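The values are calculated or read from the model by the stated rules, or taken from the named source; none is laboratory data. Predicted, not measured: the structure shown is a model, and the values here were computed from it. Virtual Cβ from ideal backbone geometry, glycine too; neighbours counted across all protein chains shown. Ligands, DNA and RNA are stripped out before the accessible areas are found, and what is left, the full protein with its side chains, is counted by its heavy atoms. Shrake-Rupley method; radii C 1.70, N 1.55, O 1.52, S 1.80 Å.
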Amino acid sequence: MAETLAQRIKEKIAPESAKTAAEPKKITAKTPWLPSVDGVPDHLDYFSGSMFEMVEAVAEKYPNYVAFDFMGRPTTYKRLVSEVHQCAKALKTIGVRENDRVTIAMPNCPQAIFTFYAVNLIGAVANMIHPLSAEKEIEFYLNDSGSVTAITLDQFYGKFERIRAHTRITNIIIASIKDELSRPVKIGYMLTEGRKQEKIPADAPVIRWNEFYKLGRHCFYNYRCERKAEDPAVVLYSGGTTGTTKGILLTNLNFNALGEQVIAANPIFAPGDKMLAAMPLFHGFGLGVCIHTMLSHGGRCVLVPRFTAKSYAKLITKYKCNFIAGVPTLYEALLRLPSMEKADLSSLKGVFSGGDSLSIELKKKLDQFLAEHNASIKVREGYGTTETVTACCLTPINEAKEGSIGIPFPDIYIKIVKPDTDEELPYGEEGEILLAGPTVMKEYVGKPEETAQTLRHHKDGLTWVYTGDLGTMDEDGFVYFKGRAKRMIISSGYNVYPAQIENILDAHECVQMSCVIGVPDSYRMQAVKAFIMLKPGVPKSEKIRQEIMDYCSRHVAKYAMPREIEFRDELPKTLVGKVAYRVLEEEEEAKRAKAAAPAEE
């Protein structure tokens with residue numbers, strides 16, 4: 001290189017208003033990408049329309065390219081657009097209108113893609129939720145978003161029907177995986193998975209997928225809604241920066257800008273390249289990077305409806321994928337699979353890790369694994385929040401630093417401040433990570449005070465996301481994630497919020513008080529452990545423990561379930577009377593250290 005990355009960043013270090021600050025404080029990092037060195041422009045022009053319009057424009061260029069593969073069956077861009085229009089007509093026919101909320105609770109399957117873009121086409125807002133959510137969680141998501149229609153699979157019908165009366169839902173549309181399978185695969189599916197599913201009553205008050213599609217025949221015009229880049233398009237759920245579940249309202253621009261940024265930061269991408277889309281659609285990483293980024297640029301998504309490390313490994317080699325994305329737990333499991341011993345990974349152009357911190361040791365192991373299996377690239381770590389859809393920071397292709405989460409995407413600004421202030425900190429000093437750019441959310445749904453707490457306008461003219469995450473930045477503009485200022489557990493890449501689990505546990509008739517912490521787990525990175533103080537007179541028995549676990553299974557998502565319950569006579573308290581969860585964390589850490597220490601002679 002003719003010039004170092006540090007030199008390039010120092011030329012583009014901050015907005016003009018930030019450059020007036022004292023030299024030690026000049027640490028706001030804007031993207032250092034330069035065409036002369038990286039092949040990436042410093043500033044990008046963004047599509048001015050909706051998400052679907054961006055995909056539709058690409059489909060006109062590549063109508064016969066495969067948009068996605070699902071269990072061996074490919075779908076072209078031409079068919080994708082046709083199906084989206086038909087689905088949009090059907091939604092219009094059943095009464096969905098502009099700005100209505102439509103909940104989509106599906107795994108990565110064709111119907112989820114069709115309905116997601118169809119909702120966008122008619123100007124409604126897609127409320128994306130985990131299909132494996134507990135009933136009470138689904139009820140919350142439906143009511144919080146104000147959804148009028150829900151779309152899910154037949155296997156989840158029971159959960160929706162049981163809570164339907166407590167929501168504003170008018171229509172439930174039921175799809176089935178088997179409808180998108182080739183004939184040979186469908187036969188096998190019906191003999192295995194199909195037999196496990198509870199039959200939906202013939203008179204169930206739902207609209208089945210085939211009936212739903214036929215309704216589209218009654219709509220001939222006026223189903224397409226003109227939408228602008230800044231219009232709301234998607235609601236994704238996250239704990240946000242304050243640790244309680246909130247709907248994050250994102251715009252067309254947020255997703256379209258992310259797509260442009262990801263492609264710009266990966267000039268090795270070419271239309272037709274294949275992305276293994278295993279990250280779920282209700283997650284910004286899965287929806288924003290694995291699906292929309294690819295489909296808005298002519299890429300090919302290999303949809304993974306039910307994720308396992310084994311299926312993931314099989315699809316990488318079967319389709320000779322060019323890009324894969326996942327959480328650290330996935331990669332850790334991948335390294336241990338016997339089926340990967342002789343795998344040829346020479347087709348890979350990019351391997352991305354996000355959703356949780358990738359340890360230095362795991363990265364070294366993964367890089368070695370890639371090299372041993374003919375891959376010419378190394379894993380690249382990213383960072384972001386759902387408030388910015390997903391990733392907004394990524395390790396450059398040919399320049400990485402140990403322990404760093406990379407540098408900002410084009411048009412993204414990052415700065416480190418004294419927590420909860422606008423006071424920028426010097427290089428290397430730990431503080432709160434702030435983000436700004438075109439992917440910043442519109443708001444938290446129905447929570448103006450929390451929106452104002454997270455989105456703050458500074459004198460530099462930018463609106464910044466206060467992430468609640470701690471980190472540092474070095475003089476070269478590389479960012480280092482240090483931890484979460486707010487309490488949160490990450491299990492297999494999913495955010496688990498202790499306060500929510502505690503609220504559920506405390507509602508049990510036998511529980512006096514509870515405290516939930518995250519403990520290290522060899523597979524999940526962190527698992528949930530609950531400390532429970534039972535009510536007076538309630539015995540500490542295995543029977544009570546099982547009752548509480550059964551109760552949790554009805555109210556808590558599977559990934560957030562406590563792995564262990566420990567009964568305590570008392571829970572430690574802080575001086576102001578709050579449960580001292582940090583004391584419990586320290587106790588667990590000391591217990592693990594003692595167990596790991598060699599026995600004395």
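Considering every Cα-Cα pair within segment 41-91, what fraction, in whole percent, is farther apart than 13 Å? More than 13 Å apart: 65 percent of the Cα pairs in segment 41-91. A simple rule links phi to the HN-Hα coupling: the Karplus curve 6.51 cos²θ - 1.76 cosθ + 1.60 with θ = phi - 60°, which for segment 108-123 gives 6, 9, x, 4, 5, 5, 4, 6, 4, 6, 5, 4, 5, 5, 8, x Hz, with x for Gly and Pro. With R₀ set to 56 Å, the beta-carbon distance separating Ala371 from Arg183 gives a calculated FRET efficiency near 0.85.
Spherically averaged projected area of the convex hull of Cα atoms, segment 445-601: 15.6 nm².
Under the 0.36 nm per residue contour assumption, what length would be gained going from the current alpha-carbon distance of Glu198 and Lys591 to full extension? Before the final figure, lay out the partial values.
Working: separation 393, 0.36 × 393 = 141.48 nm, distance 4.45 nm.
The span from Glu198 to Lys591 would gain 137.0 nm if fully extended.
Taking amide H positions as modeled 1.01 Å from N, with prolines and chain starts lacking one, the residues under 5 Å from Ile405 and 5 or more places away or on another chain are Val479, Tyr480, Phe481.
Which of the residue pairs Lys529/Lys591; Lys78/Lys274; Lys364/Lys401; Lys89/Lys136; Lys159/Lys447; Lys310/Lys342 have a Cα-Cα distance greater than 21 Å in the structure shown?
Values: Lys529/Lys591 14 Å; Lys78/Lys274 18 Å; Lys364/Lys401 12 Å; Lys89/Lys136 31 Å; Lys159/Lys447 27 Å; Lys310/Lys342 14 Å.
Too far apart for the 21 Å limit: Lys89/Lys136; Lys159/Lys447.
Residues in segment 334-350 carry Karplus couplings, in order, of 4, 5, 9, 7, x, 5, 8, 4, 10, 5, 9, 10, 5, 6, 5, 10, x Hz; the curve used is 6.51 cos²θ - 1.76 cosθ + 1.60 with θ = phi - 60°, and Gly or Pro positions show x. Taking the charge dipole of the chain about its Cα centre, with +1 at Lys and Arg Cβ atoms and -1 at Asp and Glu Cβ atoms, the residue from Thr167, Asn254, Tyr427 reaching farthest to the positive side is Thr167. Per-residue Karplus couplings for segment 197-207, computed as 6.51 cos²θ - 1.76 cosθ + 1.60 with θ equal to phi - 60°, are listed in order as 7, 5, 5, 7, x, 4, 9, 4, x, 9, 10 Hz, Gly and Pro entered as x. Calculated FRET efficiency, Glu399 to Glu161, Cβ-Cβ distance, R0 = 51 Å: about 0.40 to the nearest 0.05.
Building the convex hull from the alpha-carbon atoms of segment 269-350 and averaging its projection over directions returns 5.0 nm². The mean of 1/r over all distinct Cα pairs in segment 104-176, once inverted, gives the Kirkwood hydrodynamic radius of 12.2 Å. The residue among Ala530, Ala233, Cys301 whose Cα reaches farthest toward the positive pole of the charge dipole of the chain, with charges on the beta-carbon of Lys, Arg, Asp and Glu, is Cys301. Computed from label points 7 Å out along Cα-Cβ, the spacing between Phe307 and Arg217 is 4.0 nm.
For Phe352, the residues 5 or more places off, or on other chains, whose built amide H falls under 5 Å of its own are Ile324, Ala325, Gly326, Arg380. Here the dipole of the chain is about 2100 debye; that uses its Cα centre as origin and unit charges on the Cβ of Lys and Arg (positive) and Asp and Glu (negative). Expressed per residue, the C-alpha convex hull volume of the chain stands at 191 Å³.
Given 0.36 nm per residue, what is the gain on full extension from Leu337 to Asp422 after removing their alpha carbon distance, in nm?
Extra length available between Leu337 and Asp422 comes to 25.9 nm.
Here's how it looks for Glu566: its modeled amide H is under 5 Å from those of Ala530, Phe531, Ile532, which are all 5 or more places away or on a different chain.
Give me D for segment 264-315 in µm² s⁻¹, whole number, from Stokes-Einstein with Rh from the Kirkwood sum over alpha-carbon pairs, 37 °C and 0.692 mPa s.
Working: Rh = 11.4 Å.
Diffusion coefficient, whole number: 288 µm²/s.
Measuring only protein heavy atoms, the 1.4 Å probe finds Asp474 accessible over about 30 Å². The convex hull around the C-alpha trace of segment 270-419, projected and averaged over every direction, spans 9.3 square nanometres.
Okay, helix-only estimate at 222 nm for the chain: each DSSP H run of n ≥ 4 adds -39500 (n - 2.57), divide by all residues, round to 500 deg cm²/dmol; what do you get? Provide the component values of the computation, followed by the final result.
Details: 18 runs with 179 residues, N = 601.
The per-residue figure over the chain is -8500 deg cm²/dmol.
In this rough spin-label picture, where each label sits 7 Å from Cα along the Cβ direction, the Val583-Gln453 distance is 2.5 nm.
Rolling a 1.4 Å probe over the protein chains gives Leu455 an accessible area of about 30 Å². The three principal axes of the Cα atoms in segment 465-535 give end-to-end lengths of 55, 28, 16 Å, sorted in falling order. For segment 107-230, the convex hull spanned by the alpha carbon atoms encloses 135 Å³ per residue.
Averaged per residue, the chain has 43 square angstrom of accessible surface, using a 1.4 angstrom probe with ligands and nucleic acids left out. To the nearest 0.05, what FRET efficiency results for Glu509 and Arg73 with a Förster distance of 41 Å applied to their C-beta separation? Here the calculated transfer efficiency is 0.25.
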